[in-house]
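Data first, discussion second: the structure below is written as structure tokens.
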There are 2 protein chains.
Amino acid sequence: MKNLPEVPAERALRVIGGRWKLHVLWHLLEHRRRLSELQRLIPGITQKVLIQQLRELEAHGVVSREVFAEVPPRVEYEATPLGLTLRPLLESLCSWGRQHAQARGAR
Amino acid sequence: MKNLPEVPAERALRVIGGRWKLHVLWHLLEHRRRLSELQRLIPGITQKVLIQQLRELEAHGVVSREVFAEVPPRVEYEATPLGLTLRPLLESLCSWGRQHAQARGAR
DNA sequence: CCGTATCCTATCGGATACTG
DNA sequence: CAGTATCCGATAGGATACGG
């Protein structure tokens with residue numbers, strides 16, 4: 001898998017910058033969740049893409065994956081300690097986005 | 001030009017999420033600059049792409065463009081008031097990226 | 001339930017050449 | 001100096017089908 005940029009801000013963007021990563025992170029920052037749960041919580045995402053996004057978040061150290069040897073199979077994802085540090089950043093993004101929408105409407 | 005997402009955090013990412021936008025913004029947050037100046041400050045970017053990125057930043061209301069009727073032509077770009085509000089966000093990104101690099105090395 | 005394998009499309013951004 | 005016009009390759013991600 002390709003390495004992250006060295007410029008810090010770009011690295012941050014690369015980690016959170018996928019099509020659905022904010023959604024995934026948001027839900028995992030609340031608490032650990034199963035795959036099927038995430039898929040239900042994020043309407044419009046396909047299973048394949050959801051797993052892709054999770055794998056990337058995992059590769060970047062912000063999400064971890066735990067497999068339970070059960071029948072039927074159960075897999076849970078959760079934010080790592082490093083992942084948890086994203087919360088204030090996501091909140092800043094959110095608040096800036098709101099401010100922008102306020103200032104510019106739908107554009 | 002396509003409208004921004006309504007989910008605030010995604011909207012923010014869309015505005016700053018181009019390949020060179022962080023670089024461009026960074027330089028324009030210092031002070032207004034000419035096109036040629038930006039191109040010199042951002043090695044590796046082509047003129048076409050630089051202009052593309054600037055046009056998008058303009059369309060999203062964070063950068064403005066001023067043309068001076070001179071010979072040779074002079075055009076200057078600067079951060080709008082809305083664009084200036086990005087500074088703390090960019091700093092947060094930068095600091096999280098550093099923290100991430102610290103925790104994970106080159107990965 | 002969870003995951004992989006194909007296939008396919010749209011979009012982005014890089015290379016290059018040309019114009020007022 | 002600033003900008004436009006083409007062309008083009010890489011890639012992200014969506015649709016769908018199948019497998020443990």
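The values are calculated or read from the model by the stated rules, or taken from the named source; none is laboratory data. On a predicted model such as this, the values are computed, not experimentally measured, just so you know. In this analysis, Cβ positions are derived from the backbone assuming ideal geometry, glycine residues included, and neighbour counts consider all displayed protein chains.
If you go through the stretch A:57-79 and keep only what is exposed (fewer than 13 other Cβ atoms within 10 Å of the Cβ) and basic (Lys, Arg), you end up with nothing. Test A:Val71 against the criterion of being hydrophobic (A, V, I, L, M, F, W, C) and more than 14 Å from every other protein chain (Cβ to nearest Cβ), and give yes or no. Considered against the rule, which asks whether it is hydrophobic (A, V, I, L, M, F, W, C) and more than 14 Å from every other protein chain (Cβ to nearest Cβ), A:Val71 comes out as yes. Look through B:Leu35, B:Leu54, B:Leu82 and report the one residue that is closer than 20 Å to A:Ser95 by Cβ and either within 13 Å of DNA strand D (Cβ to nearest atom) or surrounded by 15 or more Cβ atoms within 10 Å (Cβ to Cβ) (or both). Matching residue, one of B:Leu35, B:Leu54, B:Leu82: B:Leu82. Of all residues in the stretch B:65-107, those satisfying the criterion of being within 12 Å of B:Leu29 (Cα to Cα) and hydroxyl-bearing (Ser, Thr, Tyr) are B:Tyr77, B:Thr80, B:Thr85. Taking residues in the stretch A:54-65 that are more than 13 Å from A:Gly18 (Cα to Cα), and partners anywhere that are assigned to a helix (DSSP H, G or I) and modelled with pLDDT under 95, the pairs with Cβ atoms closer than 8 Å and at least 6 places apart or on different chains are A:Gly61/B:Arg104.
If you check A:Glu91, A:Glu76, A:Glu66 for being more than 8 Å from DNA strand C (Cβ to nearest atom), of a type in the set (D, E, K, R), under 24 Å from B:His100 (Cβ atoms) and away from chain B (no Cβ under 14 Å), only one passes: A:Glu66. Sub-8 Å Cβ pairs linking a first residue in the stretch A:42-53 that is within 14 Å of chain B (Cβ to nearest Cβ) to a second residue that is more than 6 Å from DNA strand D (Cβ to nearest atom) and among the basic types (Lys, Arg), at least 6 apart or interchain, are A:Gln53/A:Lys21, ordered by first then second residue.
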